[in-house]
Amino acid sequence: MRRIITFGTFDVLHVGHVRILKRAKAHGDHLTVGLSSDELNFSKKGRNPIYSFDARLELLSSLRFVDDVFKEESLEQKREYIIKHKADMLVMGNDWEGRFDEFKDVCEVIYLPRTPSVSTTEIIEIIKEQQ
Ligand code: CTP
């Protein structure tokens, strides 16, 4: 069994999220997602997610190519999360290119091209403009 892991907030779930998860799963048999807690998202992006942790968890867990979702509480614990979940490969979008290379001693690390022209931030901005 080849185990894949990825991380993110996946707020306001959109097609870019679905595609990276589907492509990540295609590299193995089992996909684990480390889903940022609301507090971790605030510390990374300076805003609370639109969807609560529980709603994001429910959405991601409903996708057929996602096998397991856990709460990522701290960026500093990434190495422990990778080891705990026995990941053979870490997959991230290429907006993170190079940023996870330090974990190449415990698993393979690859970066996949982002889906163009869609992001949570952009969706929020478009909705705000329409108010
Ligand atoms: N992702 C992607 N294509 C997009 C948007 C995101 O492949 N168009 C990937 C990211 O590279 C990451 C994962 O989806 O590996 C989760 O990203 P996240 O930061 O939660 O989503 P964004 O839409 O990038 O959110 P934001 O605009 O708040 O940064």
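The values are calculated or read from the model by the stated rules, or taken from the named source; none is laboratory data. None of the values given here were measured: they were computed from a predicted structure. Methodologically, a virtual Cβ is constructed for each residue, glycine included, from the backbone with ideal geometry; neighbour enumeration extends over all protein chains shown. When the accessible area is computed, the model is the full protein with side chains, heavy atoms only, and any ligands, DNA or RNA have been set aside. Shrake-Rupley method; radii C 1.70, N 1.55, O 1.52, S 1.80 Å.
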Exercise. Are there any pairs with C-beta distances below 9 angstrom linking a residue in the range 112-129 that is on the phi > 0 side of the Ramachandran plot to a residue that is open to solvent by less than 40 Å² (accessible area, probe 1.4 Å) and near the ligand (Cβ under 8 Å from one of its atoms), with the two at least 6 apart or on different chains, and if so which?
Worked result: SER117/GLY16
For this session: Can you work out which of the residues in the range 1-25 that are without any contact (Cβ under 8 Å) to a residue 60 or more places away in the chain, more than 9 Å from the ligand (Cβ to nearest atom) and closer than 15 Å to ILE110 by Cα is surrounded by the most Cβ atoms within 10 Å (Cβ to Cβ)?
Result: LYS25
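Does ILE50 satisfy being in a loop (DSSP other than H, G, I, E, B), within 12 Å of the ligand (Cβ to nearest atom) and aliphatic (A, V, I, L, M)?
Numbers: in a loop (DSSP other than H, G, I, E, B): yes; within 12 Å of the ligand (Cβ to nearest atom): yes; aliphatic (A, V, I, L, M): yes.
Yes: the conditions hold for ILE50.
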Exercise. Looking at (1) out of contact with any Cys (no Cβ under 9 Å at 6 or more places or on another chain); (2) in a strand (DSSP E or B), which is the one condition that is false for LEU63?
Worked result: (2)
Exercise. Applying the selection to the range 44-59, what residues are closer than 15 Å to SER74 by Cβ and modelled with pLDDT of 95 or more?
Worked result: PHE53
Seminar exercise, completed: The residue that is surrounded by the fewest Cβ atoms within 10 Å (Cβ to Cβ), considering only those in the range 95-131 that are more than 21 Å from ARG79 (Cβ to Cβ) and of a type in the set (Asp, Glu), is GLU129
Exercise. If SER36 satisfies every condition in (1) open to solvent by 20 Å² or more (accessible area, probe 1.4 Å); (2) in contact with a Gly (Cβ under 7 Å, 6 or more places away or on another chain); (3) within 12 Å of PHE10 (Cα to Cα) but one, which is the exception?
Worked result: (1)
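What's the total number of residues in the range 85-104 that are more than 8 Å from the ligand (Cβ to nearest atom) and touching a helix residue (DSSP H, G or I) at 6+ places or on another chain (Cβ under 9 Å)? Break it down into steps so the answer makes sense when it comes.
First, pick out the residues of the range 85-104 that are more than 8 Å from the ligand (Cβ to nearest atom): 85-90, 97-104.
Pick out the ones that are also touching a helix residue (DSSP H, G or I) at 6+ places or on another chain (Cβ under 9 Å) and you get 87, 89-90, 100, 102-103.
The total comes to 6.
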For this session: Would you point out which residue out of VAL69, VAL91, VAL106 is free of Cβ contacts under 8 Å to residues at least 40 places away in the same chain and either charged (D, E, K, R) or in a strand (DSSP E or B) (or both)?
Result: VAL69
